[in-house]
Structure formats: structure tokens, C-alpha cells
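Engineer: I am attaching a structure below and will ask some questions about it afterwards.
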Amino acid sequence: MRITAITCVKNEGPFLLEWIAFNHVIGVTDFLFYSNDCSDATDRLLDRLADHGVVQHLPNPAEGRNYQMEALKDAKKQPLVTGADWVWIADVDEFLNIHVGDHTIPALIAACNDPQAISLNFQFFGNDGIEAYSDRPVIAQFTRSHNPDIWCGELAIEVKSLIRRDFPVQYYGAHRPFIKKSVAKDKRPSWTDGSGRPVPHKFLVAANERRIRKFPALGARDFATLNHYALRSLDSYLVKNDRGDVNRAHRAFDDSYWRERADVAWQDLSIQRYLPDLKSETDRLMALPGIADLHEQAVTLHRAKLAELDAQPSYQAMRAQLKSLGTLPPQELALLEELGLSA
């Protein structure tokens, strides 16, 4: 089974090898990376990995537009995608945690009875007071999240999607595919959640604009969930804030982004089942000529950027502000205030 992962990156150098190794472990066979405006050795590391046949690396084709959507438009015609049995579109801070069989994507597909798409709900893992960046697996460091069934007062939680090659794709979205308008009602694709249940009809047909990228997570995680480590360490979050994100250059992450993802009420260690295989696969990649050196360069540049930011009063204030925040999301704090209770 050929499974191609598509992702867009900007200054993710220290985190690349873990993500590639992890996805190899769960069954991804091919990687299509798009990068833009990198200054931390991300592009050079990807080029070297491409030399070894580990990934395909392309410059992001966007010109002042939405980086991710332009890349996905280009990806639709790339041989790694057209020749794949399944496509997995995800970011480098997202890890698919599979609970069935041998904990691989083929096991998940089999558990869901081989549909044409599977959409997996996010579970956002908080920072949990970890301030210092450490060159260790993200999935080992961050173990606490919100209650998996509710996030920021909502039962509907965003998803990312696995897509089978015969899905009638109009275009790939970052979170879900969209069905060709010409497809008849009785020919719509089979599409399940992470428990093998049909996704809600309004999600299927993209009829509910507010929930075009999400549906209720309750009962939808029996076979898999999608661990999202959007914050990582406070150090790395400050660097991320300086970078902006892959979709929009110069976009700042204000403290609402942090506050909405800082909930650590729930501990979930299940993804750590992958750690032994992750180490073996990471070691294999690191042993390829030039890879360990480029990874170390990325780590060094990440730390250098942090030192540069920490010398700026604005970032000193940002660090102090984020450290002072609690872990309850804004919606829960508002409810407590409405009830006359303190957090």
C-alpha cells in the first residue's frame, strides 16, 4: 500500500526527523514536502533527505497567496500523489495516534472497513509548564490535553483526513477533501470518522459553513485520534510566533491561540507506545550521510533565534505574559465568571 503524506513547512527544522520517522512507523511510504522562506536549515535538511530518496521536496508555488492551498493544488498533479493508494495531509506538529491492530494506517483503514476517506478529530496537547526547548521527541514531552470530547466549549472539533485514491476529489482542503460537484447523490463516497462511523451528512457535503472542517468528537476516537502539539515548549512557541505560520506570512499568534490550546486537564500517554520504533527509525535516518549534521544545524539555529528574540523587550514581555496565563480556555473562564465562580 502506497501512502503519501503531504505537508507544508516553514522553519520546522528541529522537528522534521521525528515527524518523518513517526509517519514511517505508522505506514507512510512517501513524503511530499513544500517549503517557503526557511532560515533554520529546514530546506537544506529536506534537500539532503531528498538526495537519499526519503522525501520529495519542492518550493512552495504560492506567490503572495495562501501557501497551503496553493501547495495542495500543485500536489494534486504530482506523481507521488496520483500514484498513491492513500493521501494523508497533515502538519509537522500533528501525529496520528492509532489505537487498533498493529497501530498503523493500514490497520486503521481495515478497522474502518476500507472507506474512501477517514477524518480524524484533533486532540490539542498543552504546554504543561514546559519552558525550555529540548531536542527530544515531542510525543514524549507533552502528555496532557483537554478532555478529548470537548475543546473550548465546543463538542465539534477540527479534523484532518486520509483520502483513498478513488475519492472523487474536486480539490484537497487542508482539513478535508471536497467532493466533485458532478457526483450524484447516490454516488457520494464512503467516508468515516475515527470509529468507522459515517461522518455527519452536513460535513460530507460541506453544507454547514461553520463546521466545514469539524464534527462532534464524542464517540469518534475508538480507532484513532490526531494528537496536535501546536504549542510545544514556550521557547519553541516564541520562535513560532516570530515565524508566523505556513498559510500567511507575518501572521502573529496572539495569546488567544495559546490560551485555547493550553488546557492540560487530561493525561494521555497512549501515543508513547510508538517510542521504541520511533527511536529506531530516527536513528536510521540520522545515520544517513549528512543528516545528523543538518539536524544539529537546525537545532543550533533554532536556539540562536530564541536567544535573539529573548534579547528583545517585546519578547521578554510576551514570555512573561504567556507564563502568567492559566490553563483554562477563555470559554471556560467566561462561564465561571458568569456563574460568579473563580477559576
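The values are calculated or read from the model by the stated rules, or taken from the named source; none is laboratory data. Please read all numbers here as calculations on a predicted model, not as lab measurements. Cβ: placed from backbone, ideal geometry, glycine included. Neighbour counts: every protein chain shown.
Condition check ((1) under 16 Å from Leu72 (Cα atoms); (2) polar (S, T, N, Q)) across all residues:
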{"site": "Ile6", "(1), (2)": "yes, no"}
{"site": "Leu16", "(1), (2)": "no, no"}
{"site": "Ile26", "(1), (2)": "no, no"}
{"site": "Leu32", "(1), (2)": "yes, no"}
{"site": "Ser35", "(1), (2)": "yes, yes"}
{"site": "Cys38", "(1), (2)": "no, no"}
{"site": "Asp47", "(1), (2)": "no, no"}
{"site": "Val54", "(1), (2)": "no, no"}
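Engineer: Could you list, ordered by first residue, the pairs with Cβ atoms under 8 Å in which the first is in the stretch 183-195 and closer than 24 Å to Ala224 by Cα and modelled with pLDDT of 95 or more and the second is of a type in the set (Phe, Trp, Tyr) and surrounded by 14 or more Cβ atoms within 10 Å (Cβ to Cβ), at least 6 apart or interchain?
Structural biologist: Pro189/Phe167; Asp193/Phe215; Gly194/Phe223; Ser195/Phe223
Engineer: Out of the stretch 26-40, which residues are over 16 Å from Val54 (Cβ atoms) and among the small types (Gly, Ala, Ser)?
Structural biologist: Listed by number, the list holds a single entry, Ser39.
Engineer: What are the residues in the stretch 111-125 that are within 27 Å of Gly153 (Cα to Cα) and either in contact with a Pro (Cβ under 7 Å, 6 or more places away or on another chain) or not small (Gly, Ala, Ser) (or both), if any?
Structural biologist: Answer for the stretch 111-125, where residues must be within 27 Å of Gly153 (Cα to Cα) and either in contact with a Pro (Cβ under 7 Å, 6 or more places away or on another chain) or not small (Gly, Ala, Ser) (or both): Ile118, Leu120, Asn121, Phe122, Gln123, Phe124, Phe125.
Engineer: Show me the helices (runs of 4 or more DSSP H) found entirely inside the stretch 98-216 where at least 3 residues are surrounded by 18 or more Cβ atoms within 10 Å (Cβ to Cβ) and either at negative phi or not hydrophobic (A, V, I, L, M, F, W, C) (or both).
Structural biologist: Here the list reads 105-111.
Engineer: Quick test of your reading of the structure: Asn147 fulfils all but one of (1) closer than 30 Å to His295 by Cα; (2) more than 16 Å from the chain's Cα centre (by Cα). Name the failing condition by number.
Structural biologist: (1)
Engineer: Has the stretch 55-76 got at least one residue that is crowded, with 22+ Cβ neighbours inside 10 Å, assigned to a loop (DSSP other than H, G, I, E, B) and among the acidic types (Asp, Glu)?
Structural biologist: No: the stretch 55-76 contains no residue that is crowded, with 22+ Cβ neighbours inside 10 Å, assigned to a loop (DSSP other than H, G, I, E, B) and among the acidic types (Asp, Glu).
Engineer: Something else about it: State which residue pairs qualify: first residue farther than 15 Å from Gly244 by Cβ and without any contact (Cβ under 8 Å) to a residue 24 or more places away in the chain and inside the stretch 62-75, second residue buried (at least 19 other Cβ atoms within 10 Å of the Cβ) and not β-branched (Val, Ile, Thr) in any location, beta carbons under 6 Å apart, and separation of 6 or more residues or different chains.
Structural biologist: Glu70/Ala62
Engineer: Okay, next question. Could you check the stretch 80-91 and list, in sequence order, the residues that are assigned to a loop (DSSP other than H, G, I, E, B) and surrounded by 22 or more Cβ atoms within 10 Å (Cβ to Cβ)?
Structural biologist: Ala84, Ala90
Engineer: If I go through the stretch 311-329 residue by residue, how many of them are part of a helix (DSSP H, G or I) and either loosely packed, with under 13 Cβ neighbours inside 10 Å or in contact with an Asp or Glu (Cβ under 7 Å, 6 or more places away or on another chain) (or both)?
Structural biologist: 9
Engineer: Among (1) assigned to a helix (DSSP H, G or I); (2) modelled with pLDDT of 95 or more, where does Leu288 come up short?
Structural biologist: So the condition that Leu288 fails would be (1).
Engineer: Would you point out which residue out of Val9, Val54 is of a type in the set (Val, Ile, Thr) and farther than 17 Å from Ala287 by Cβ?
Structural biologist: Going through Val9, Val54 in turn, the sole match is Val9.
Engineer: Give just the number: which of (1) in contact with a Gly (Cβ under 9 Å, 6 or more places away or on another chain); (2) in a loop (DSSP other than H, G, I, E, B) does Asn11 not satisfy?
Structural biologist: For Asn11, the failing item is (1).
Engineer: Here is a follow-up. Collect the residues in the stretch 127-161 that are of a type outside the set (S, T, N, Q) and under 27 Å from Asp283 (Cα atoms), keeping them in residue-number order.
Structural biologist: Ile130, Glu131, Ala132, Tyr133, Asp135, Arg136, Pro137, Val138, Ile139, Ala140, Phe142, Arg144
Engineer: A further question follows. From the set of residues in the stretch 10-25 that are under 12 Å from Leu49 (Cβ atoms) and of a type outside the set (Phe, Trp, Tyr), which is surrounded by the fewest Cβ atoms within 10 Å (Cβ to Cβ)?
Structural biologist: So the residue we want is His24.
Engineer: Same structure, new question: Please tell me if Gln272 is assigned to a helix (DSSP H, G or I), exposed (fewer than 15 other Cβ atoms within 10 Å of the Cβ) and not aliphatic (A, V, I, L, M).
Structural biologist: yes
Engineer: Suppose we filter the stretch 222-245 for residues that are within 15 Å of Ser134 (Cα to Cα) and part of a strand (DSSP E or B); how many remain?
Structural biologist: Count: 0.
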